[in-house]
Amino acid sequence: MHTILQTSWGYFLTFQGRVTAEEMRRWIADSQVALGHVPKRFGVIVDLRGLELLGKKARELMISGQRLYRKMGMTRSAVIVNSTLTEMQFSRIASESDISQTERTIDEWQEPNFWKIAEDWVIQGIEPQENPARQNIAR
């Protein structure tokens, strides 16, 4: 399942459960509609805390979707995870879609203020590791 919510600063995306290639195609189609009303520059926060690992075809489509967002003006993105495997998978996806320079991953288990840290990165460009809201918690 996916959701797309337009905000004053860009988009808030959520992916949950097992996302198939068909669901990913629906996300890309929904994104094309949503991005039709986008400002020239915008940010994206993606909540992946309920997502299962993507299969090969869904992963390839996620790369295409990320490229679409970048092409339409995405300047920064923050990905919120609660799994090391999800973090690793999306780090690779970001690299393959050429957004790794502008994407930051925030682990909800390490950062109790993960929403604020994500918003501060996307809206103001405050690096997560330099954010005063950060409270390092050992795993």
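The values are calculated or read from the model by the stated rules, or taken from the named source; none is laboratory data. Note that the structure is a prediction, hence the values are computed from the model and not measured. So basically every Cβ, Gly included, is an ideal-geometry build from the backbone, and we count neighbours across all protein chains shown. SASA here: full protein model, heavy atoms, side chains in, ligands and nucleic acids out. Shrake-Rupley method; radii C 1.70, N 1.55, O 1.52, S 1.80 Å.
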Only unsatisfied item for MET62, checking (1) modelled with pLDDT of 95 or more; (2) farther than 25 Å from PHE114 by Cα, is (2)
List the number of the failed condition for GLN16; all other conditions in (1) of a type outside the set (Val, Ile, Thr); (2) open to solvent by 40 Å² or more (accessible area, probe 1.4 Å); (3) within 25 Å of ASN82 (Cα to Cα); (4) in a helix (DSSP H, G or I) hold. (4)
Matching residues in segment 19-41 - criterion: being farther than 22 Å from ASP120 by Cβ, assigned to a loop (DSSP other than H, G, I, E, B) and open to solvent by 20 Å² or more (accessible area, probe 1.4 Å): THR20
With among the acidic types (Asp, Glu) and touching a helix residue (DSSP H, G or I) at 6+ places or on another chain (Cβ under 6 Å) as the only criterion, which of GLU108, GLU22, GLU60 stands out? GLU108
Can you report the number of residues in segment 65-116 which are over 15 Å from ALA133 (Cα atoms), among the charged types (D, E, K, R) and in contact with a strand residue (DSSP E or B) (Cβ under 7 Å, 6 or more places away or on another chain)? 4
